[in-house]
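J.: Before we start, here is the structure in question, set down as structure tokens.
The values are calculated or read from the model by the stated rules, or taken from the named source; none is laboratory data. Remember, predicted model here, so these are calculated numbers, not experimental data. Note that each Cβ is placed from the backbone with ideal geometry, even for glycine, and that neighbours are counted across all protein chains shown. All accessible areas refer to the heavy atoms of the entire protein, side chains included, with ligands and DNA or RNA removed. Shrake-Rupley method; radii C 1.70, N 1.55, O 1.52, S 1.80 Å.
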Amino acid sequence: MALPLRDDVAPRRFPWVTLALILANIVVFLVLQPSAFQSQPEPGTTDPHEAHRMVDAERFANRWAAIPCEVVSGKPVSQHPSACHDRPDGPTPAHKLVFLALLTSIFLHGGVAHIGGNMLFLWVFGNNVEDRLGPVTYLVMYLVGGVVASLGFVLVRPHTAETLVGASGAIAAVMGAYLVFFPRGRILTVVSTAAFQVVYVPAAIVLILFFVTQFMTPGEDIAWQAHVAGMVFGFVAALVLGRMPWIRRRAEADA
């Protein structure tokens, strides 16, 4: 396990967009998402209140999360499109903007650990990528990267009705861009070997290991396909954007 804590590259400008994205995710998690996302009921509970909380969470997820077979068919699951070989848990909305859900899903999270880890990664890698790209270009890359990451998952599992939530695909795009712009940066990282160690590791090693280990992720609870697609998108986008005159001038000023 490798957990990044911070990098040694100091941004020249305050990362307002990165901070705003972090705050937006936290507000959605604490205010807009139903309470069962923060503390899920115990499995098999017979408490009516707890059962209602879970149904409320499932209804919310089915409306605002990306569902691959809905994206493929362009229709919500409630209309029984042929692309959907199963159905999600809980109530399904009769009317849903299935393509908008590709965007809204990247602001939803499935628990405290989920959002906590994602926001830590976003802060560590996002502030310098924002500094290099500028706030508007960075925000566009983040949002498009999140959508592309979700589409990567859809491409691999087009007929599932599994709900897809989380900012990790968009953050993976930021990490791919960081690899292009700051490969020689150093990341203060908690490394788990025989014991926990906190050491500086070259950014290129941290990010390449992150990419490779996605293919070793067990189970179906982690959408590793979205991470891979997002990181590849961010890497390629950074190669292209890095040639733009205004971004080249930023790079020269930072040298």
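J.: At 7 Å along the Cα-to-beta-carbon direction for both His80 and Leu23, put a label point, then send me their distance in nm to one decimal.
T.: Output for this residue pair reads 4.8 nm.
J.: Additional query: Residue by residue through the stretch 202-215, what is 3J(HN,Hα) from phi via Karplus (6.51 cos²θ - 1.76 cosθ + 1.60, θ = phi - 60°)? Round to whole Hz and write x for glycine and proline.
T.: x, 4, 4, 5, 4, 6, 5, 5, 4, 4, 5, 5, 4, 6
J.: Give the relative contact order (percent, whole number) for the stretch 1-81; include only Cα pairs under 8 Å separated by 6+ residues.
T.: The value is 18 percent.
J.: Another question about this same structure. Treating the beta-carbon of each Lys and Arg as +1 and of each Asp and Glu as -1, no other charges, what is the dipole magnitude of the stretch 73-144 about its Cα centre, to the nearest 20 debye?
T.: Its charge dipole is roughly 200 debye.
J.: Could I ask something else about it? Could you tell me the center-to-center distance, by alpha carbons, between the stretch 176-237 and the stretch 1-62 in angstrom?
T.: Their Cα centres are 22 Å away from one another.
J.: Of the candidates Asp131, Asp47, Asp86, which one comes out as most mobile in a Gaussian network treatment of the chain with C-alpha springs shorter than 10 Å?
T.: Highest fluctuation among the options: Asp47.
J.: In debye to the nearest 20, how big a dipole does the chain give about its Cα centre with +1 on each Lys and Arg Cβ and -1 on each Asp and Glu Cβ?
T.: Dipole size: approximately 1000 debye.
J.: Using only Cα atoms and rounding to the nearest 10 degrees, what angle (0 to 90) does helix 112-133 make with the longest principal axis of the chain?
T.: Its long axis makes an angle of about 40 degrees.
J.: Treating the beta-carbon of each Lys and Arg as +1 and of each Asp and Glu as -1, no other charges, what is the dipole magnitude of the stretch 106-254 about its Cα centre, to the nearest 20 debye?
T.: Its charge dipole is roughly 480 debye.
J.: Ignoring everything except DSSP H segments at least 4 long, calculate the 222 nm mean residue ellipticity for the chain; use -39,500 (n - 2.57) per segment, divide by total residues, nearest 500.
T.: -17000 deg cm²/dmol
J.: Ok, one more. With the chain treated as a Gaussian network of Cα nodes joined by springs under 10 Å, which of Gly116, Gly234, Gly146 yields the largest mean-square fluctuation?
T.: So, out of Gly116, Gly234, Gly146, the one fluctuating most is Gly116.
J.: How far is helix 16-27 tilted, in degrees, relative to the longest principal axis of the Cα atoms in the chain, given as a value from 0 to 90 rounded to the nearest 10?
T.: Value to nearest ten degrees: 20.
J.: Additional query: Given the Cα-Cα distance of Val55 and Met244 and 0.36 nm per residue of separation, how much length would full extension add, in nm?
T.: Full extension from Val55 to Met244 adds 63.2 nm.
J.: Which of Pro43, Gly74, Ala61 sits closest to the plus end of the dipole of the stretch 31-77, meaning its Cα is farthest towards the positive end, when Lys and Arg get +1 and Asp and Glu get -1 on the C-beta?
T.: So the residue we want is Gly74.
J.: Springs between alpha-carbon atoms under 10 Å, Gaussian network over the chain: tell me which of Leu102, Leu139, Leu179 tops the mean-square fluctuations.
T.: Among Leu102, Leu139, Leu179, the largest GNM mean-square fluctuation belongs to Leu139.
J.: So what is the accessible area of the stretch 99-255 per residue, in Å², with the probe set to 1.4 Å?
T.: For the stretch 99-255, the per-residue accessible area is 45 Å².
J.: How tilted is helix 48-64 with respect to the longest principal axis of the chain? Cα atoms for both, answer in degrees (0 to 90, nearest 10).
T.: Relative to the chain, helix 48-64 is tipped by roughly 60 degrees.
J.: Another one. Carbon and sulfur: what percent of the stretch 115-231's accessible surface (1.4 Å probe)?
T.: 71
J.: Now a separate question. Tell me whether the stretch 122-227 comes out rounded, prolate or oblate; compute the Cα gyration tensor, take square roots of the eigenvalues as a ≥ b ≥ c, and use a/c under 1.5 as the rounded threshold.
T.: oblate
J.: Mind checking which of Phe107, Gly176, Thr163 is farthest towards the positive end of the stretch 58-189's charge dipole, using Cβ charges of +1 (Lys, Arg) and -1 (Asp, Glu) about the Cα centre?
T.: It is Gly176, whose Cα lies furthest towards the positive end.
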